[in-house]
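Worksheet: one structure, shown below.
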Amino acid sequence: MKHLLSPQDLSIEELSNLLALAHDISINPTKYHHVCNGKKLATLFYEPSTRTRLSFESAMINLGGSVLGFSSADSSSAAKGESVSDTIRVISCYADICAMRHPKEGAPMVAASKSRIPVINAGDGGHQHPTQTLTDLMTIHELRGSLENFTIGLCGDLKFGRTVHSLIHSLIRYNNIKFILISPKELRVPDYMIETLKDNNISYKEVEKLEDVMTELDILYMTRVQRERFFNEDDYLRMKDFYILDKAKMELAKPDMYVLHPLPRVNEISVEVDNDPRAAYFKQAQYGVYVRMALIMILLGLSVD
Ligand code: NCD
């Protein structure tokens with residue numbers, strides 16, 4: 001049985017098939033409306049979420065399946081002290097597939113080891129967020145027509161941002177991608193990720209000022225400072241508005257430089273940028289439903305003729 005715990009769980013070929021399926025779903029949605037008739041998705045969310053949980057639910061409903069689950073640890077038996085291992089054994093009796101978000105790194109992996117149904121990591125602490133990466137890859141692919149030969153700036157909280165970690169791990173497998181890592185010193189990507197970039201001979205540089213590199217970028221991936229992972233509120237307050245992408249900065253960028261953001265946005269992208277044709281973050285949220293539909297089908301081994 002296959003789970004999705006990190007983006008590397010899918011080979012490049014599997015990823016390309018998944019993106020092709022997601023693309024077909026986006027242009028022929030009705031063809032897929034009954035693929036999951038009678039199937040159930042459980043969403044086990046021990047941490048807040050809007051997009052990820054609802055996009056999973058929307059994906060399953062679009063496929064004709066049903067959804068069940070909980071949206072906070074307080075409303076599950078975790079509040080009574082139940083372990084993730086026990087919860088997943090029970091959920092395996094109720095559903096055909098599940099998506100789990102947990103504040104602890106590795107919790108979905110523990111669940112997968114005890115599960116009788118496919119487990120999808122919907123975000124584990126500051127570690128990984130593979131389905132956001134599928135969303136990001138589909139967005140880049142749809143906008144640029146390929147996942148090769150571009151320079152991406154990742155900006156904001158690169159230390160705690162799990163979407164950044166998963167995206168880097170995935171993009172290093174494609175040809176000629178250059179990374180520009182834009183963050184305050186305190187929020188640089190973890191050292192193990194720099195090692196990964198070095199070990200794979202990937203071109204990268206770390207900078208602090210967004211303005212300095214704006215002209216070089218083909219994609220700008222903005223992120224929120226991850227307040228919930230800070231130990232100290234003062235540090236958060238000091239860093240939360242370090243980057244604000246506004247119209248003036250967008251004027252420095254290439255005419256076809258797309259802006260992505262996993263959302264939720266706080267202050268890091270000014271609303272005046274939303275009407276810029278290069279702002280792709282709401283489109284990105286729509287692609288999130290198509291990739292999750294494709295993923296559910298693939299993990300359940302379902303197809304349409
Ligand atoms: C992201 C997450 O949960 O890591 N959100 C999402 O799933 N779209 C990004 C974030 O919360 O900043």
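The values are calculated or read from the model by the stated rules, or taken from the named source; none is laboratory data. All values reported here derive from a predicted model rather than from experimental measurement. When we count neighbours, we look across all protein chains shown, and the Cβ atoms used for this are built from the backbone with ideal geometry, even at glycine. Surface accessibility is based on the protein's heavy atoms, side chains included, excluding ligands, DNA and RNA. Shrake-Rupley method; radii C 1.70, N 1.55, O 1.52, S 1.80 Å.
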- Number of positions in the range 105-114 that are among the charged types (D, E, K, R) and more than 14 Å from the ligand (Cβ to nearest atom): 1
- Task: Within the range 73-86, identify whether any single residue is in contact with a helix residue (DSSP H, G or I) (Cβ under 6 Å, 6 or more places away or on another chain) and either within 15 Å of the ligand (Cβ to nearest atom) or open to solvent by 50 Å² or more (accessible area, probe 1.4 Å) (or both), and answer yes or no.
- Result: no
- Item | Contacts under 7 angstrom Cβ, first residue in the range 235-247 being in the same structural domain as LYS185 (by TED's automatic domain parsing) and without any contact (Cβ under 8 Å) to a residue 40 or more places away in the chain, partner open to solvent by 90 Å² or more (accessible area, probe 1.4 Å) and part of a helix (DSSP H, G or I), 6 or more apart | TYR236/ARG227
- Those residues of the range 10-62 which are under 26 Å from ARG116 (Cα atoms), in a loop (DSSP other than H, G, I, E, B) and either away from the ligand (no atom under 16 Å from the Cβ) or open to solvent by less than 40 Å² (accessible area, probe 1.4 Å) (or both) amount to LEU10, SER11, HIS33, HIS34, VAL35, CYS36, ASN37, GLY38, LYS39, TYR46, GLU47, SER49
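Matching residues to (1) under 30 Å from GLY38 (Cα atoms); (2) over 20 Å from the mean Cα position of the chain (by Cα); (3) modelled with pLDDT under 95:
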{"site": "ARG229", "(1), (2), (3)": "no, no, yes"}
{"site": "LEU237", "(1), (2), (3)": "no, yes, yes"}
{"site": "LYS240", "(1), (2), (3)": "no, yes, yes"}
{"site": "MET250", "(1), (2), (3)": "no, yes, no"}
{"site": "SER270", "(1), (2), (3)": "no, yes, no"}
{"site": "TYR287", "(1), (2), (3)": "yes, no, no"}
{"site": "TYR290", "(1), (2), (3)": "yes, no, no"}
{"site": "MET297", "(1), (2), (3)": "yes, no, no"}
{"site": "LEU300", "(1), (2), (3)": "yes, yes, no"}
- If LEU263 satisfies every condition in (1) more than 16 Å from ALA122 (Cβ to Cβ); (2) open to solvent by less than 40 Å² (accessible area, probe 1.4 Å); (3) touching a Ser or Thr at 6+ places or on another chain (Cβ under 9 Å) but one, which is the exception? (1)
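Limited to the range 165-183, what total is found for residues that are outside any strand (DSSP E or B) and either surrounded by 21 or more Cβ atoms within 10 Å (Cβ to Cβ) or under 19 Å from the mean Cα position of the chain (by Cα) (or both)?
Residues of the range 165-183 that are outside any strand (DSSP E or B), as a first pass: 165-176, 183.
In the following step, the residues that additionally are either surrounded by 21 or more Cβ atoms within 10 Å (Cβ to Cβ) or under 19 Å from the mean Cα position of the chain (by Cα) (or both) were identified as 165-174, 183.
Residues in the range 165-183 being outside any strand (DSSP E or B) and either surrounded by 21 or more Cβ atoms within 10 Å (Cβ to Cβ) or under 19 Å from the mean Cα position of the chain (by Cα) (or both): 11 in total.
I'm checking my understanding of the structure. Among residues of the range 264-283 that are assigned to a loop (DSSP other than H, G, I, E, B) and farther than 16 Å from ILE244 by Cβ, which one is nearest to the ligand (Cβ to nearest atom)?
Initially, the range 264-283 is screened for residues assigned to a loop (DSSP other than H, G, I, E, B), giving 264-268, 270, 274-278, 280.
Okay, now just the ones that are also farther than 16 Å from ILE244 by Cβ, so 275, 277-278, 280.
Working: ASN275: 22, PRO277: 22, ARG278: 20, ALA280: 14 Å.
Taking the candidates together, the pick is ALA280.
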- Task: Filter the range 143-161 down to residues that are surrounded by fewer than 24 Cβ atoms within 10 Å (Cβ to Cβ) and within 16 Å of the ligand (Cβ to nearest atom) and give me whichever is farthest from TYR204 (Cα to Cα).
- Result: PHE160
- All-but-one check, SER75 against (1) within 16 Å of LEU299 (Cβ to Cβ); (2) in the same structural domain as VAL110 (by TED's automatic domain parsing), failing number (1)
